[in-house]
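Computed from the coordinates by the stated procedures, all read-outs in this text should not be read as laboratory data. Given the structure is predicted, the values throughout are model-derived calculations rather than measurements. Virtual Cβ from ideal backbone geometry, glycine too; neighbours counted across all protein chains shown.
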């Protein structure tokens, strides 16, 4: 049974790559950079987005695609930002998909005016396994880990911490109340993804929020440079 | 693509049910009750198990099956309890399975002396979606939610909060440091699973640990009563 299952999943991953490439072509045509924001449930992705996007991004026009199994709680929370927000639910079919794939993202694109955006942030379903396996046509991936989850997560979910360009250590304000050794976390992270960039943040105290905003705001510029270099 | 995918998954779920029934028959023969312990990554399942199983369970002989994508960190942490602990990794194949299924659990059974156990606790992979979809032959399911994850989780992952007999609200010691309203959480939980039993716990302060231990210790007795009634 296992052998068959792996084959089926690999077929699905092939199909996913094809559709991710089509998304990528659409994003390039519209000159929009795309960030895939991933984490475990409750790591604080939406609260971070509120903090980062609230004050605006210095001329970078941002939009958000919210992925959730059910409901539109996260999209509703972002409504006050007055930026384009689209909610995508994965609960059609059986009990719900545990990740966004390229085709789900593709199905949401008609609801977004890509030409009006420089940066699209896709907030994935909270999960530390499957989102890392399904590319959606993004330029960059961010993995958010909350200190409340424990310092051992890079070793327990290695692919997720490897398949990203930035690791955000969030809820850093809770550090004194939980058993989380930041040095040990970075040591474990180094074993699965040496030299990945790390930003520590707290949406409550504001720590690291400007740094994260700057990192996000630079993604479109990086993309244009890369595209320019490729021509 | 989506329609095909759902059919494949439903086939996989059919196969899973067949194997879960075989596990169930083995558990019944050995007179061992089985609990499926589920949560998001970092909700504190292993730390709770250390707190609950450490002092012993009043004559209930317990064992643990640890499910993780990679590594044996959790099994190592339980080694000092001197009870049977088996580590099961799901990272064969592609990037790792995001849940335990009945066949994975079945593959681990030869490593366990079921006759020497009254209670087997299966710690699932940290994930709020797929573990709820795959029965493993268990008698009861526990869903652990940490207050650090936020009060909205029952609405965002409804199947997980519905497919359990007990909801444990863990890390209650962090309540004053996070935005989590316990009444609101219970109100949301009531919308997806009315009247489910709830225990609030903190492995650090010990709150609720005795209550959780009593609940777990009563599972084998409940199972024997049910089995007796069925004869």
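Express as a percent, rounded to the nearest 5, the fraction of DSSP beta bridges in the range B:2-223 (both residues included) that run antiparallel.
In the range B:2-223, DSSP labels about 0 percent of beta bridges as antiparallel.
Shielding by partners for B:117-127, please: the mean number of other protein chain Cβ atoms within 10 Å of each residue's Cβ.
So the per-residue partner count for this stretch is 2.
Based on the alpha carbon coordinates of the range A:80-180, what radius of gyration and maximum Cα-Cα distance (Dmax) apply, in Å?
In Å, with Rg to one decimal and Dmax whole: 15.7, 46.
Tell me the relative contact order for the range A:39-167 as a rounded percent, counting alpha carbon contacts under 8 Å between residues six or more apart.
Relative contact order here is 30 percent.
Do you know the relative contact order of chain A, to the nearest whole percent, from alpha carbon pairs under 8 angstrom that are 6+ apart?
Averaging sequence separation for qualifying contacts and normalising by length gives 25 percent for chain A.
Give me B:199, A:121 ranked fewest to most by other Cβ atoms within 10 Å of their Cβ, as a rough exposure proxy.
Fewest to most other Cβ atoms nearby, the residues stand as B:199, A:121.
Can you tell which of A:150, A:59, A:206 shows the greatest fluctuation in a Gaussian network model of chain A with Cα springs below 10 Å?
A:59
Partner chain Cβ atoms within 10 Å, averaged over the residues of A:174-182 - can you pull that number for me?
Mean shielding by partner chains, rounded to a whole number: 3.
What's the Kirkwood radius of the range A:26-77 in Å, using all Cα pairs?
Kirkwood radius, the range A:26-77: 12.8 Å.
Report, to two decimal places, the Cα Rg of the range B:155-198 normalised by 2.2 N^0.38 Å (N = number of residues).
Against the compact-globule rule of thumb, the ratio is 1.16.
Among B:139, B:210, B:68, whose mean-square fluctuation peaks in a Gaussian network model of chain B (Cα, cutoff 10 Å)?
Residue with maximal mean-square fluctuation among B:139, B:210, B:68: B:210.
Under a 10 Å cutoff between Cα atoms, tell me which one of B:49, B:100, B:174 has the largest fluctuation in the Gaussian network model of chain B.
Among B:49, B:100, B:174, the largest GNM mean-square fluctuation belongs to B:174.
I'm a student and want to see the number: the projected area of the Cα convex hull of the range A:107-231, averaged over all directions, in nm².
Over every viewing direction, the Cα hull of the range A:107-231 projects on average to 9.3 nm².
Post the alpha-carbon centroid distance, the range A:129-201 to the range B:159-203, in whole angstrom.
26
Stick to the Cα atoms of the range B:2-223, pair each with every other, and give me the Kirkwood hydrodynamic radius in Å at one decimal.
17.8
Please work out the Cα center distance from the range B:25-46 to the range A:54-83, rounded to the nearest Å.
Taking the Cα centre of the range A:54-83 as reference, the centre of the range B:25-46 is 38 Å away.
Mind jotting down a quarter of the surface of the convex hull over the alpha carbons of the protein assembly as shown, in square nanometres, one decimal?
21.6
Using 7 Å Cα-to-Cβ label points, what is the residue A:197/residue B:70 separation (nm, one decimal)?
That separation, rounded to one decimal, is 2.3 nm.
Give me the inter-chain shielding for A:71-81: mean count of other chain Cβ atoms within 10 Å, whole number please.
1
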